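J.: Let me give you the structure first, and then I'll get to my questions.
The values are calculated or read from the model by the stated rules, or taken from the named source; none is laboratory data. Predicted model only: the values in this text are computed from it and were never measured. Positions of Cβ are generated from backbone atoms using ideal geometry, with glycine treated the same way; all protein chains shown enter the neighbour counts. Areas reflect the complete protein model, heavy atoms only, side chains present, ligands, DNA and RNA absent. Shrake-Rupley method; radii C 1.70, N 1.55, O 1.52, S 1.80 Å.
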Amino acid sequence: MGLGHDLQSVAELEAAKGLLEPDVFFTPAELARISRAPSPLESLAAGFCAKEALFKALPLIDGWFWTDAELLHDARHAPRFQFHGLLAEHLTREGWQVAVSLSHSGGFVSAVVVVTTAPRS
Amino acid sequence: MGLGHDLQSVAELEAAKGLLEPDVFFTPAELARISRAPSPLESLAAGFCAKEALFKALPLIDGWFWTDAELLHDARHAPRFQFHGLLAEHLTREGWQVAVSLSHSGGFVSAVVVVTTAPRS
Amino acid sequence: MGLGHDLQSVAELEAAKGLLEPDVFFTPAELARISRAPSPLESLAAGFCAKEALFKALPLIDGWFWTDAELLHDARHAPRFQFHGLLAEHLTREGWQVAVSLSHSGGFVSAVVVVTTAPRS
């Protein structure tokens, strides 16, 4: 099982210029959604935080990009990853399932990611 | 597997009047315990946070109430949920087990909930 | 499955003198690594936080010491526990695996620990 957790102060992330190149981290669809959010900076930080938690939950896998893990929200506003490219292939091949949960409050964003093996049928 | 995480600034939750109707969220026994806690506001926030994390960890289930998930503490002060009503029936029918962990510090409360399937014997 | 989560304000932990006796919590190797860290106080808090999360994730086990759970970092800087003494024996006997993830930002440290049973071969 893989486990990843990330906590980020939004102000600290902004001061550290951690979000200077958002297109390294986010797909055009993610950036469009973030720009329409009530607080774009906080949404950018939340997306960054979720991807950091995913990175920590996975073993070293060569050749994937941050944009291969696209963060979507379902009808209940719950976040989930849609995977692309090499990362999608790797996860399918290994039979790994990824759960993500995300929260923000008081100027912080926080994420937990758990990677489990799907039961083989 | 279901995963839920919630982080709450206690001051922000208070300002947002998120706790105005505590009897929607808490059973009489929970409210009695909270009122005896060293910091009732923080305990109220912690209970709210744990239930938010549970909500995120579960799929959409119709007809349950926040008071169906009662937060208790065991002899080691570890939190655990005791379930009632439709939610209890649903969890038993599906064979789901719920683990919760809770922390508070520096004016924040934070919770993680994981829902797993019990191994069938 | 065992689940533990801990969030700590570094300033609050320092004010509460929670770190006054670090050799109760940390091995000499951990203390040497902490003293070389860019921010020793934050590293001390992170180690404390990870061990608190571990404590919450485990059932009551008699006779282990905080120094039986030594926090190391692998080549990717990912934290993992190396266990010693009675705790190591207990985990091996039960076939339990421990995953830990750790984060710090904005004066807080936060950790999640999950204990699972390794699949029997």
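J.: Report, in deg cm²/dmol and to the nearest 500, the calculated mean residue ellipticity at 222 nm for the protein assembly as shown, where each DSSP H run with n ≥ 4 adds -39500 (n - 2.57) and the sum is divided by the residue count.
T.: The helix contribution divided over the protein assembly as shown gives -11000 deg cm²/dmol.
J.: Which residue in C is nearest the C/B rotation axis when you measure from the C-beta atom, and what is the distance in Å?
T.: C:Val112, 3
J.: Let me ask something else about it. Compute the signed sum of charges (Lys and Arg +1, Asp and Glu -1) over the other residues within less than 11 Å, Cβ to Cβ, of B:Gly2.
T.: After counting each charged neighbour, the total is 0.
J.: Now a separate question. Heavy atoms only, probe 1.4 Å: what % of the accessible area of the range A:2-117 goes to carbon and sulfur, would you let me know?
T.: Answer for the range A:2-117: carbon and sulfur cover 57 percent of the accessible area.
J.: For C:Asp74, which inter-copy label distances result when the label point lies 7 Å beyond Cα on the Cα-to-Cβ vector, reported in nm to one decimal and in ascending order?
T.: In ascending order, 3.0, 3.0 nm.
J.: Additional query: Please compute the Cα-Cα pair-distance distribution of the protein assembly as shown with 20 Å bins starting at 0, giving whole percents from short to long.
T.: Going out from 0 Å in 20 Å bins, the protein assembly as shown shows 28, 61, 11 percent.
J.: Need one number: buried accessible surface between chains B and A, 1.4 Å probe, both sides summed, DNA, RNA and ligands left out, in Å² to 100.
T.: By this definition, chains B and A bury close to 1300 Å².
J.: List the residue ranges in chain C for DSSP H helices whose C-alpha atoms run 20 angstrom or more along the long axis and whose Kyte-Doolittle average is 0.0 or above.
T.: TM-like helix candidates: C:40-57.
J.: Let me ask you something else. For a Förster distance of 30 Å, can you work out the FRET efficiency between the beta-carbons of A:Val24 and C:Ala29, rounded to the nearest 0.05?
T.: About 0.25, to the nearest 0.05.
J.: Where the label is 7 Å out from Cα toward Cβ, how close does C:Ala37 come to the same position in every other copy, in nm, shortest first?
T.: Those separations, rounded to one decimal, come out as 2.8, 2.8 nm.
J.: How charged is the neighbourhood of C:His90? Take every other residue with its Cβ under 12 Å from the Cβ of C:His90, and add Lys/Arg as +1 and Asp/Glu as -1.
T.: Here the charged neighbours net out to -3.
J.: Taking a probe of 1.4 Å, how large is the accessible area per residue of chain B, in Å²?
T.: 49 Å²
J.: While we're looking at this one, here's another question. Cross-link partners among aspartates and glutamates for A:Lys17, C-alpha distance below 16 Å, same-chain residues fewer than 8 apart left out?
T.: Cα-Cα hits under 16 Å: A:Glu42, A:Glu52.
J.: Distance in nm between label sites at A:Glu12 and B:Met1, each 7 Å beyond Cα in the beta-carbon direction?
T.: In this crude spin-label approximation the distance works out to 2.7 nm.
J.: Right, something else. If one computes P(r) from the Cα atoms of chain C, what percent of pairs lie at distances over 20 Å?
T.: Counting pairs separated by more than 20 Å, the tail of P(r) holds 40 percent.
J.: Along Cα-to-Cβ, 7 Å out, sits the label point; list in nm, shortest first, how far the one on B:Glu14 is from those in the other copies.
T.: Nearest first, the other copies' label points are 2.5, 2.5 nm away.
J.: Using a 10 Å cut-off around each Cβ of peptide B:4-16, what is the average number of partner chain Cβ atoms that fall inside?
T.: If you average over the peptide's residues, the count of other-chain Cβ atoms is 4.
J.: Pop out a list of residues from the range A:75-121 that are at least 50 Å² less accessible with all the protein chains around than in their chain alone; 1.4 Å probe, no ligands or nucleic acids counted.
T.: A:Arg76, A:Ser101, A:Ser103, A:Ser105, A:Phe108, A:Val112
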